[in-house]
Structures are given as C-alpha cells and as structure tokens.
1. Give the number of residues within the range 63-95 that are within 16 Å of the ligand (Cβ to nearest atom) and of a type in the set (Val, Ile, Thr).
2. Could you check the range 268-293 and list, in sequence order, the residues that are more than 18 Å from the chain's Cα centre (by Cα) and either hydroxyl-bearing (Ser, Thr, Tyr) or surrounded by 18 or more Cβ atoms within 10 Å (Cβ to Cβ) (or both)?
3. Please enumerate the residues belonging to the range 248-269 that are touching a helix residue (DSSP H, G or I) at 6+ places or on another chain (Cβ under 7 Å) and over 30 Å from Asp383 (Cβ atoms).
4. Among the candidates Ala354, Ala296, Ala347, Ala342, which residue alone is buried (at least 20 other Cβ atoms within 10 Å of the Cβ), over 22 Å from the mean Cα position of the chain (by Cα) and either acidic (Asp, Glu) or farther than 20 Å from Lys274 by Cα (or both)?
5. Scan the range 1-30 for residues that are surrounded by 12 or more Cβ atoms within 10 Å (Cβ to Cβ) and modelled with pLDDT under 95 and jot them down.
6. Residues that are within 11 Å of the ligand (Cβ to nearest atom), in a loop (DSSP other than H, G, I, E, B) and either in contact (Cβ under 8 Å) with a residue 60 or more places away in the chain or small (Gly, Ala, Ser) (or both): does the range 252-268 have at least one?
7. Considering only the range 353-436, give the helices (runs of 4 or more DSSP H) lying wholly within it that have at least 1 residues that are aromatic (Phe, Trp, Tyr) and away from the ligand (no atom under 16 Å from the Cβ).
8. Would you mind stating whether Ala135 is touching a residue at least 24 places away in the same chain (Cβ under 8 Å), within 16 Å of the ligand (Cβ to nearest atom) and small (Gly, Ala, Ser)?
Amino acid sequence: MTRQATQLSTQKSTSAFQAACRVMPGGVNSPVRAFQAVGGEPRFVAKGAGAVLTDIDGNDYIDYVGSWGPLILGHTDERVVAAINKAAARGASFGAPTEQETRLAEIVVARVPSIERVRFVNSGTEATMSAVRVARGFTGRDRIIKFEGCYHGHADSLLVKAGSGAMTLGVPSSPGVPAGTTADTLVLPYNDLAAVRQTLTQHAGRVAAILVEPIAGNMGLVPPNDDYLPGLRTLCDEHDVLLIFDEVMTGFRVAPGGAQELYHVRPDMTCLGKILGGGLPMAAYGGRRDIMDCVAPAGPVYQAGTLSGNPLAMAAGIATMQALTEDGVYEQLEERSAQLAAGLAGAAAQAGVAVYQTRVGSMLCMFFTDGSVHDFATASACDTERFGRYFHAMLDRGIYLAPSQFECMFVSLAHSAEQIDTTIAAAAEALREAAQ
Ligand code: KE4
C-alpha cells in the first residue's frame, strides 16, 4: 500500500538547502541534483540502506537513482562496507602502487575481453577525456565524432553541440569553453549510420575516433538500433578510426561484460566507471594493448592523478565486482526490472497517459510522449512538464526517481519484489495525478 501523498515534512531539507546555497553554487556539487529540471527543492539525504534512501526529515524513499548507477548492489552492501573499512584501517591513500590496483585491473581485463590494458582514474569525465587524448595521440589525428544527447562528462572538448549542419564542426555548449577546443569535435545524430558514413568521408584521414554511449543513458534511455553498433564497428574499420565505447553507465550493468558483451561488438577502447567503484570516486579507461601502451609512463601520451587507484576505491570496486559474479545476479536484475517495466506500462495505460518505455536490463526509462524515441530530437519532444508532475507525485509517495526526464531508472539487487509492487502502486496514482 503506498503512503498517502503530501504527508512528508521536508523542513530540514529546506533549511539545509538554504545553508548549502550560501556556500556552494546552486547548493549542490553536481547540477542535476538541484531539481531545476523538475522544480522544487532537493531532499537532503541522511543515509541509504539497501534500496532505501532516508532524508534528513526522516522520510524513506525507494531509490531508483542509485547514485546515478554505481549502486547495483544497493546502499551499504555489507561486503562493500567491510572492504572499505578494512582498507581504510590500512591507510586512505599512498600515491604509490598497491596490489589492489593490480587485482581490480585483472578483474576488469578478465570481465571485458576487449580491454587488454586499463588505467584507473577518478571520474567518468577523466576516463573519457583521457581516452580521447590517447586516441588522438595513437592515431595522430585530431577530430572526434560524438553524438547529440550522449554525455561523456564535462571535459571541454566534449561540452559541444552540433554546428550549423550536423556534419560541421562542433560549437561549445557551455560558456568558458573556447571555440577552438570544440572545433575538432563533430556532433551527429544518434542511431544514424548514414550521417557517420558521410562525415567520415567528408573528414577522411582527420578523425581519430568515434566516442559513443553504446546504450544512450543521458537523454533518457535510448537503445541502439540493431544495426547501429555493428555499423559503427564496420565504418571504423573501413576508415581506420578507433571505436570508443563510453560504458561508464552500462559497464557491468546490462551484462557482466557490459553493452559490448550484450551486443557482441568489440570497441578499441572502453571507458568505465560508476559500478566499477562501488559508489566511491573511481573510473577507468582501457583497450587494445598497442593503444594503451601509448599512455605515460609506458608511452608519450600524458595522463596522471594524485588519487588514481585509490586503495579505498579499489577495495569497494573489488568487492562489488566479486559480488556480481554470484550465481543468478543478472537474472534477478532482469526479473525485477521486467516486473517494474510491465507494472509501469500497465499503470500508464490505466491512467490514459501516453508514454514510450525503454529498457535494457536494469536500466529503464519512461518518456512522456505519444511518439517513439530513438535519438535526441525525439527525446526532446517529450512533455517534461508532465514528467515533473509525475516526479513529484512519486516523490510524495516515497519513490525517488532521477529529477529529469533525460535520465534513467536503475534497479539494484537490493530492490525486492514487494518494493517493486509498491512502486507500481505509487505510479498508478502518480500517473493519474500527472494526467490532470
Ligand atoms: P562523471 O564525471 O560524472 O563521474 O561521469 C561522467 C559520465 C560519463 N559517461 C557517461 C555515460 C555518464 O553517464 C557520465 C555521468 N552520468 C551522469 C548521470 N547521467 C552523472 C550525474 C551527474 O552529472 O551528477
């Protein structure tokens, strides 16, 4: 049974947000957390346990953000907590090699066969920024192709939007990014192989790599068309261009070996993060040995980091990756996620609300549109106002969704069938409310 809406007191979060805004830009340390896309004020979190977040006013929420993907085991998984505590007792950071880095690297190389060498960094942004630099250094070419609606972190050369024509060079999407920094970034529509083919011909010999989210998760969830990833692989081979999969979100989420395992397409480089760090600040990039041997100190392409390979993050990552080898974990994620998707679809139909639902494993999205969604243009046509009303109606019923239509829901191994049922019941009411 869902909790009646509007019972929630959020006074402490309101005060906390006011205090935060006095000392931090927008009161948050990452923009999406500020609820600007849905209105209202963020709930300040006191703790997480399993699939549940508790805010500082004592309100509980079933959590489908999971720290934006990392918490595939749920909050405070005892194996991860124990591993972090044990590592912390030995020291937080050394700035020197440890065997834990090698251990996690061996796990990555075994789990993702396209990765023969891997480098740990501290965020997904660092991973993609570094992978792009290595691709440019390895090929001696400057241009990068990325796709509208795909997000790879906030590195200058990737904060870019399509130029006047889709095939022209990118222009900055943020103040502070010099035009020259994005001039070598080409932005094309997602799921459009013809645009890639034409661009590679037009910029023959100038493109170092194609950087793509193999399953787009930053415009809501947009899966690749069946021929898309194989098509990118073929085009990269034909034009001697590197294929970089940004699997920061999909890595270890949609399959043990990520989207490249699910779709049987082998990239030349892969960016990883989120789940790999078990909730601690950590990410990675890696790929073919001949490419990664360009990375300093093995090769000339420079990349470094004070806290790279941090022992606590390594411990959390090893514990998380080991937990994902247990029998039946991906089957459980699939079962719970299918249960949720079916329930949400039924609730939307019952409420008479037009939605377009996408799901790949335990990543899912409900677009408020009466059309279909296959790229940024169609995702952008969604009714974000209605999503905002739905978001708050769910929040008031103790369901914590990402505060933006252009994000995903994540199901964890901590979500029980009962919590999924509670979510579906809340959605039935919230969708009726949002339909008004
Ligand atoms: P970070 O620098 O935020 O660790 O990772 C950047 C990144 C790279 N690649 C992909 C596919 C990503 O999804 C991300 C970050 N994801 C967003 C959520 N969609 C992080 C949330 C936030 O910005 O606060």
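The values are calculated or read from the model by the stated rules, or taken from the named source; none is laboratory data. These numbers were taken from a predicted model, which means no experiment stands behind them. In this analysis, Cβ positions are derived from the backbone assuming ideal geometry, glycine residues included, and neighbour counts consider all displayed protein chains.
1. Our first condition is that a residue be within 16 Å of the ligand (Cβ to nearest atom); within the range 63-95, this holds for 63-72.
Then drop every residue that is not of a type in the set (Val, Ile, Thr), which leaves 65, 72.
Of the residues in the range 63-95, 2 are within 16 Å of the ligand (Cβ to nearest atom) and of a type in the set (Val, Ile, Thr).
2. Step one: filter the range 268-293 for residues more than 18 Å from the chain's Cα centre (by Cα), giving 268, 287-293.
The answer is Asp268, Gly287, Ile291, Met292.
3. At the first step, the residues of the range 248-269 found to be touching a helix residue (DSSP H, G or I) at 6+ places or on another chain (Cβ under 7 Å) are 248-257, 263, 265-269.
Within the range 248-269, Gly251, Phe252, Ala255, Pro256, Gly257, Tyr263, Val265, Arg266, Pro267, Asp268, Met269 meet the criteria.
4. Details: Ala354 fails: buried (at least 20 other Cβ atoms within 10 Å of the Cβ); Ala296 fails: buried (at least 20 other Cβ atoms within 10 Å of the Cβ); Ala342 fails: buried (at least 20 other Cβ atoms within 10 Å of the Cβ).
After applying the criteria, what remains is Ala347.
5. Thr2, Arg3, Ala5, Leu8 - these are the residues of the range 1-30 that are surrounded by 12 or more Cβ atoms within 10 Å (Cβ to Cβ) and modelled with pLDDT under 95.
6. Taking every residue of the range 252-268 in turn, at least one turns out to be within 11 Å of the ligand (Cβ to nearest atom), in a loop (DSSP other than H, G, I, E, B) and either in contact (Cβ under 8 Å) with a residue 60 or more places away in the chain or small (Gly, Ala, Ser) (or both).
7. Values: elements: 376-380, 384-395, 417-435.
The qualifying helices (runs of 4 or more DSSP H) are 384-395.
8. Values: touching a residue at least 24 places away in the same chain (Cβ under 8 Å): yes; within 16 Å of the ligand (Cβ to nearest atom): yes; small (Gly, Ala, Ser): yes.
Yes: the conditions hold for Ala135.
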